[in-house]
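Values in this text are rule-based calculations from the coordinates and carry no lab data. As the structure is a prediction and not an experimental result, all values here were calculated from the model. Every residue, glycine as well, gets a Cβ built from its backbone with ideal geometry; the counts of neighbours run over all protein chains shown.
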Amino acid sequence: MAELPLVHLVMATGSLQSQGAHRMDILRYGRSGRPRLTPTELLAALPEVGEFARVEPDERYPQPNATPEDLCQLALHVEAQLRRPEVDGLVYVQGTNGVEETAYFLNLTVHSDKPVVVTGAQRPITAFGADGPLNLINSVRVAGAAAARGKGVLVVANGEINAAREVTKSNTYALHTYRSRDLGLLGYTYADRITFYRAPLRRHTMASEFELGGRASLPYVEVLYVHVGARPGLARAAVQLGAEGLVIAGTGPGALGMLREELAAIVHEGVVVVRSARVGEGRVVRDDNWQEPGMVAADTLNPQKAALLLALALTRTRDPDEIQRLFDEY
């Protein structure tokens with residue numbers, strides 16, 4: 001009988017391993033006073049995971065992932081673990097709010113074809129209907145699956161497999177929160193097997209040209225949200241705070257509203273401006289009614305993911321045409 005795959009488990013803080021005051025505590029469990037489970041304690045509570053893989057808990061990495069600098073450290077740690085020949089895949093557990101950003105950043109910066117799965121939970125492990133246990137077990141199954149190799153970083157939850165580039169959190173509390181809207185799921189964690197129905201085509205992981213090396217920080221990129229009350233001066237203020245790039249969460253297909261004139265001037269000063277959209281679906285096109293010379297279009301990336309790609313792009317170039325190439329390829 002073949003040996004089970006070895007999956008490395010890394011955990012940050014999040015709902016999956018949290019403990020509420022009682023089984024109906026699904027809103028204020030962060031204040032229960034009960035400690036979160038460690039990776040070892042979580043695995044002990046879920047012995048069924050051993051049916052699918054040998055899971056190696058990482059007790060040395062409790063670092064948060066709240067800043068780009070945190071993500072840089074995480075990516076370097078993940079890549080180091082995957083370089084170990086005995087490791088077949090990796091699962092990273094964190095709070096659901098930032099899963100899509102973490103997954104996409106790892107998708108751009110971790111150079112390995114081994115499966116990397118990011119997961120979390122909408123409810124603490126102590127709650128009625130807790131989704132975390134099965135999310136973790138299914139994530140381990142995917143991380144150890146040969147079929148998951150080479151597909152980039154994946155987000156596994158609610159029985160579904162999403163690509164890091166497309167997935168977004170779509171609901172505040174519902175279990176079916178992760179969706180890939182325009183482009184759809186990659187596959188499912190069926191009870192009898194892991195099944196993929198498509199694969200990502202945009203560049204990722206092994207094909208990525210982004211290298212972190214010893215980099216501890218990234219250029220500062222700010223996201224500005226366009227709405228009826230948005231006033232000129234916001235973009236200028238962000239630049240004065242040190243922003244080297246701006247991502248605009250525009251209305252409709254990336255319209256700039258009252259910020260258009262100000263942003264056009266800022267582009268001429270050498271600050272890179274990327275037009276994204278706040279609507280949640282669809283593509284932003286570079287040569288359209290709202291484009292100003294030198295601006296970059298985010299394609300289908302949402303603003304928060306566009307900000308990560310722009311920050312990495314700024315480590316290589318400030319040429320808007322070259323940055324547009326990166327947005328077209330990643």
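Observations, loosely collected:
- Annotation: amide H-H contacts under 5 Å for ASP299 (H modelled 1.01 Å from N, sequence separation of 5 or more, or interchain): VAL284.
- Antiparallel DSSP beta bridges within the chain, as percent of all bridges there, nearest 5: 30 percent
- Rounded tilt (10° steps) of 320-329 against the dominant C-alpha axis of the chain: 30 degrees
- Ranked by the mean number of other Cβ atoms within 10 Å of their residues, highest first, the peptides 148-156, 210-218, 182-190 fall in the order 148-156, 182-190, 210-218.
- In this structure, the amide hydrogen of HIS8, modeled 1.01 Å from its nitrogen in the peptide plane, lies closer than 5 angstrom to those of GLU56, ASP88, GLY89, LEU90, VAL91, counting only residues at least 5 positions away or on a different chain.
- Cα gyration tensor category, rounded, prolate or oblate, for the stretch 221-329 with a/c compared to 1.5: rounded
- Efficiency of FRET from Cβ geometry, ALA66 and LEU27, R₀ 25 Å, rounded to 0.05: 0.70
- Helix 303-313 vs. the chain, principal-axis angle (Cα, 0 to 90°, nearest 10): 80 degrees
- Gaussian network model of the chain, springs between alpha carbon atoms under 10 Å - residue of ALA147, ALA191, ALA75 with greatest fluctuation: ALA191
- The stretch 158-203 and the stretch 297-330 have their alpha-carbon centroids 23 Å apart.
- Cβ-derived FRET efficiency at R0 25 Å, ASP287 paired with LEU183, nearest 0.05: 0.65
- Close amide H contacts of ARG123 (hydrogens built in the peptide plane, cut-off under 5 Å, sequence separation of 5 or more or a different chain): ASP131, GLY132.
- Sequence-ordered 3J(HN,Hα) estimates for the stretch 72-85 from the Karplus curve with 6.51, -1.76 and 1.60 and θ = phi - 60° stand at 4, 5, 5, 4, 5, 5, 4, 4, 5, 5, 6, 6, 5, x Hz, glycine and proline given as x.
- Extension gain, ALA265 back to GLN19 (0.36 nm per residue minus Cα-Cα distance, nm): 83.5 nm
- Degrees, to the nearest 10: 132-143 long Cα axis against longest axis of the chain: 80 degrees
- Antiparallel DSSP beta bridges within the stretch 221-329, percent to nearest 5: 15 percent
- Fully extended contour minus Cα-Cα distance, from ALA45 to GLU211, at 0.36 nm per residue: 56.0 nm
- Total charge dipole magnitude, the stretch 221-329, about the Cα centre, Cβ charges on Lys, Arg, Asp, Glu only, Debye to nearest 20: 320 debye
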